[in-house]
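J.: Structure incoming, see below.
Quick note: the coordinates plus some simple rules give every number you see, no bench work behind them. As the structure is a prediction and not an experimental result, all values here were calculated from the model. Note that each Cβ is placed from the backbone with ideal geometry, even for glycine, and that neighbours are counted across all protein chains shown.
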Amino acid sequence: MVFALIPAAGRGARMGGVKKPYIEIAGTPILALTVRKFQDCPSIDGIALVVAEEDVERCRSEIVERFGFDKVVSIVPGGETRRESVFNGLRAIEGRGVDLVAIHDGVRPFVGIELIERCLEEGRRWGAATAAVPVKDTIKEGDEEGFAAKTLDRSRLWAIQTPQVFRFDLIMEAHRLAEKEGIEATDDAGLVERMGVKVKLVMGSYENIKITTPEDLIFAEAILKRCSGSA
C-alpha cells in the first residue's frame, strides 16, 4: 500500500500565531487544498494527517468531514518538533501494510498530482526520493563574523521540497535512529542521508511553495488565481 503522511502541526509563529493550515485561500483552507491533491492521486491508498493535539477535532470537522476526504484514515497529534510529529504519524500507520510513504508539508498546497506520481515512481525505484528545484540565486557561505567566505557552485545546488517518498521500512529505521540519538533534521531525507542512503532528486516546480509567512499568501493567491483561470 502507498500512504501519504501530511504533517501540519506547526504553531504559526512566523504567521503571527495564526494556524497556517486553516487559513483560507479563495474560501478553502490551505490544508484542504493540500489534502485534495493526495485524495485525487490514483496511486495513494490512504492518508494520515498530523496536527497539533488541540486541533485534532477541528481538523476532523473543518477539513476531513467538510470536504469528504475518505482516504484519510488517521488524524494524529503532533510532537514538539517536526521530526517528532512525522514519527508520530509513521507509528500511527505502522502495521497497515504500507510499503511506500509520501511525506508532504501540509502548507504546500500547489503540488501537482503528476509530481506526486513521479516522486512515487523514483521512491519505489531507489528507496528514497524528494522533489527539488535548482536554486536561482547565487549562494554564498558566510563566516562567523558575517562576511562571505566562499561562493558555492550554483549548478550543483537544489532547493528541497516535498513530497519526499521512502520505503516505509527505511524511513522508520531512520526515525528510530534519530529518536535514539536525539537528532533533528530540516527534512526527512536528511535522516535517511545520515544512514548513507542516497536520495534521488526529482524535478519539482517553483510553484510548489511552502506557505510560511504572510508574504507567501500573496504568492499563493496569485498561483491559485492563475490555476483557476486556466481551468
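J.: What are the membrane-span-like helices in the chain by this rule: whole DSSP H runs, Cα extent along the axis at least 24 Å, mean Kyte-Doolittle hydropathy at least -0.5? Present the calculation step by step, with values, prior to reporting the outcome.
T.: On the way: long enough: 214-230 (25 Å, 0.18).
Helix filter hits for the chain: 214-230.
J.: Here's something else I'd like to know. How many times 2.2 N^0.38 Å is the alpha carbon radius of gyration of region 80-160?
T.: Numbers: Rg = 17.4 Å, N = 81, 2.2 N^0.38 = 11.7 Å.
Expressed relative to 2.2 N^0.38 Å, the Cα Rg reads 1.49.
J.: Relative contact order, percent, of the chain when contacts are C-alpha pairs under 8 Å separated by at least 6 residues?
T.: Numbers: 422 pairs, mean separation 51.6, N = 231.
Relative contact order comes out at 22 percent.
J.: Which of the lysines could be linked to LYS20 by a straight reach, that is with a Cα gap under 29 Å, when you skip same-chain ones fewer than 8 residues away?
T.: LYS37, LYS71, LYS136, LYS210, LYS225
J.: Excluding residues on the same chain fewer than 8 positions from LYS180, give the aspartates and glutamates whose Cα lies under 20 Å from its Cα.
T.: LYS180 reaches GLU80, GLU84, GLU94, ASP169, ASP188, GLU193.
J.: Also, quick follow-up: How many percent of DSSP beta bridges within region 127-227 run antiparallel, rounded to 5?
T.: Details: 9 of 13 bridges.
The antiparallel proportion sits near 70 percent.
J.: In which sequence would HIS175, HIS104 go, from the one with the fewest C-beta neighbours within 10 Å to the one with the most?
T.: Values: HIS175 24, HIS104 28.
Final ranking by Cβ density, sparse to dense: HIS175, HIS104.
J.: Hey, another quick one. Between (1) 31, 24, 14; (2) 34, 18, 17; (3) 26, 23, 19, which matches semi-axes √(5λ) of the Cα gyration tensor in Å calculated for the structure shown?
T.: Recomputing semi-axes √(5λ) of the Cα gyration tensor in Å here picks out (3).
J.: I want to verify the translational diffusion coefficient of region 16-134 in µm²/s; compute it with Stokes-Einstein, Rh as the Kirkwood radius over Cα pairs, at 10 °C and 1.306 mPa s. List each step's numbers first, then the result.
T.: Working: Rh = 15.0 Å.
The estimated diffusion coefficient comes to 106 µm²/s.
J.: Pick from GLY182, GLY142, GLY97 the residue whose mean-square fluctuation is largest in a GNM of the chain, springs joining Cα atoms under 10 Å.
T.: Taking springs between Cα atoms under 10 Å, the residue moving most is GLY142.
J.: Helix-only estimate, please: 222 nm mean residue ellipticity of the chain, summing -39500 (n - 2.57) across DSSP H runs of length 4 or more and dividing by its residues, to the nearest 500. Numbers along the way, then the final one.
T.: On the way: 7 runs with 77 residues, N = 231.
It lands at -10000 deg cm²/dmol.
J.: Arranged by the count of other C-beta atoms within 10 angstrom, fewest first, what order do CYS41, CYS227, CYS59 take? Don't jump to the answer; show the numbers that get you there.
T.: Details: CYS41 23, CYS227 12, CYS59 26.
By the 10 Å Cβ count, ascending: CYS227, CYS41, CYS59.
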